[in-house]
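For reference, the structure is listed below as structure tokens.
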Amino acid sequence: MMIISSGCYENKLSCTYFVLTLMPVCKCRHFVPNLTIGAPVIQSLRKHTKAYLDCHLMVTNPSDYVEPFGKAGASGFTFHIEVARDNWQELIQSIKSKGMRPGVSLRPGTPVEEVFPLVEAENPVELVLVMTVEPGFGGQKFMPEMMDKVRTLRNKYPSLDIEVDGGLGPSTIDVAASAGANCIVAGSSIFGAADPGEVISVLRKSVEGSQNFSAVN
């Protein structure tokens, strides 16, 4: 599976899976300062594409966004474990009730063990997003030490969708794919490239190659 950040034109760059990150503007209420997109953008995109729209919410109150994002046409809803330690069960149920696929994300400083209960629950998340940079700004340097988390998850949950986000590009994709990541979020490396389509091709081939290797070993 290949995930490419929002902004790709589906027909031109062969993107069928978009990641859209919501980062509210008020730093005092949320744990990242940038303002990006919300439900109105999802609704607008949905009118023009059947692609999978995966929404990664870097907010302190994700439950407030479940209903509007579901109505807007979001396909997936990924929240941060750091803000849902006490209510993740209810949050997962709410996400599924709105027809979306639940995912959980963890920041670099959060132990990977914190998401184990969410994956093993009777009503589990279906994706784990490992942040490979500190969330909030694009163009940061990839943190290879986060691959220990990816390897741990892949060894423990062979069929789990494991997504990585931050600093991913042609020079870092192989280490992520070989660690077990099967979902790659890439932004700056694609949109800053002279040939975005070629970058997407490189990323996709690396992930698919690693998956094929694992399947026969």
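The set of residues from region 76-91 being buried (at least 16 other Cβ atoms within 10 Å of the Cβ) and assigned to a loop (DSSP other than H, G, I, E, B) comprises just one member, Ala84.
Could you check how many residues of region 133-148 are under 23 Å from Leu22 (Cβ atoms) and either in a helix (DSSP H, G or I) or at pLDDT below 95 (or both)?
Residues of region 133-148 under 23 Å from Leu22 (Cβ atoms): 133-140, 142-143, 146.
Retained after the next criterion (residues that are either in a helix (DSSP H, G or I) or at pLDDT below 95 (or both)): 133-140, 142, 146.
Qualifying residue count, region 133-148: 10.
May I ask you to say which residue of Val199, Val185 is touching an Asp or Glu at 6+ places or on another chain (Cβ under 7 Å), over 16 Å from Val112 (Cβ atoms) and modelled with pLDDT under 90? Spell out the reasoning first.
On the way: Val199 fails: touching an Asp or Glu at 6+ places or on another chain (Cβ under 7 Å).
Unique residue meeting the criteria: Val185.
If you go through region 66-115 and keep only what is of a type in the set (S, T, N, Q) and over 24 Å from Lys149 (Cβ atoms), you end up with Ser75, Gln93, Ser94, Ser97. Every test in (1) modelled with pLDDT under 95; (2) in a strand (DSSP E or B) is passed by Ile162 save one, and that test is (1). Restricting the first member to region 59-78 and to residues that are closer than 13 Å to Leu45 by Cβ, and the second to residues that are among the small types (Gly, Ala, Ser) and assigned to a loop (DSSP other than H, G, I, E, B), the beta-carbon pairs closer than 9 Å and six or more apart or on different chains are Phe69/Gly38; Ala72/Gly38; Ala74/Gly99; Ser75/Ala51; Ser75/Gly99.
Being surrounded by 15 or more Cβ atoms within 10 Å (Cβ to Cβ), within 27 Å of Thr110 (Cβ to Cβ) and at pLDDT below 85 is a description that applies to Ser210.
Output the residue which, of all residues in region 30-52 that are part of a loop (DSSP other than H, G, I, E, B) and within 12 Å of Ala74 (Cα to Cα), is modelled with the lowest pLDDT. Before the answer, list the steps.
We begin by selecting, within region 30-52, every residue part of a loop (DSSP other than H, G, I, E, B); these are 30-38, 47-51.
Keeping just the survivors that are within 12 Å of Ala74 (Cα to Cα) gives 38, 47, 49-51.
Working: Gly38: 80, Lys47: 93, Thr49: 88, Lys50: 89, Ala51: 89.
The residue in question is Gly38.
I'd like to know if region 14-29 contains one or more residues that are at pLDDT 90 or above, hydrophobic (A, V, I, L, M, F, W, C) and in a loop (DSSP other than H, G, I, E, B). Looking through region 14-29, none of the residues is at pLDDT 90 or above, hydrophobic (A, V, I, L, M, F, W, C) and in a loop (DSSP other than H, G, I, E, B).
For region 92-110, which residues satisfy the criterion of being part of a loop (DSSP other than H, G, I, E, B) and within 18 Å of Leu160 (Cα to Cα)? Don't jump to the end; show me each part of the working.
As a first pass, look at region 92-110 and keep what is part of a loop (DSSP other than H, G, I, E, B): 98-100, 107-110.
Passing the criteria: only Met100.
Note on region 153-197: residues that are among the charged types (D, E, K, R) and more than 12 Å from the chain's Cα centre (by Cα) amount to 4.
Looking only at residues that are hydroxyl-bearing (Ser, Thr, Tyr) and closer than 26 Å to Ile190 by Cα in region 103-132, which one is modelled with the highest pLDDT?
If we filter region 103-132 for residues that are hydroxyl-bearing (Ser, Thr, Tyr), which is where we start, we get 105, 110, 132.
Subset that is closer than 26 Å to Ile190 by Cα: 105, 132.
Numbers: Ser105: 97, Thr132: 94.
Among those residues, the one meeting the criterion is Ser105.
Within region 156-175, does at least one residue satisfy the condition of being free of Cβ contacts under 8 Å to residues at least 60 places away in the same chain, surrounded by fewer than 17 Cβ atoms within 10 Å (Cβ to Cβ), touching a strand residue (DSSP E or B) at 6+ places or on another chain (Cβ under 7 Å) and of a type in the set (Val, Ile, Thr)? No; the residues of region 156-175 include none that is free of Cβ contacts under 8 Å to residues at least 60 places away in the same chain, surrounded by fewer than 17 Cβ atoms within 10 Å (Cβ to Cβ), touching a strand residue (DSSP E or B) at 6+ places or on another chain (Cβ under 7 Å) and of a type in the set (Val, Ile, Thr). Scanning region 165-191 for residues that are outside any helix (DSSP H, G or I) and charged (D, E, K, R) returns a single hit, Asp165.
The values are calculated or read from the model by the stated rules, or taken from the named source; none is laboratory data. Keep in mind the model is a prediction, meaning the values are calculated, not measured. Note: ideal-geometry Cβ built from the backbone for every residue, glycine included; neighbour counts use all protein chains shown.
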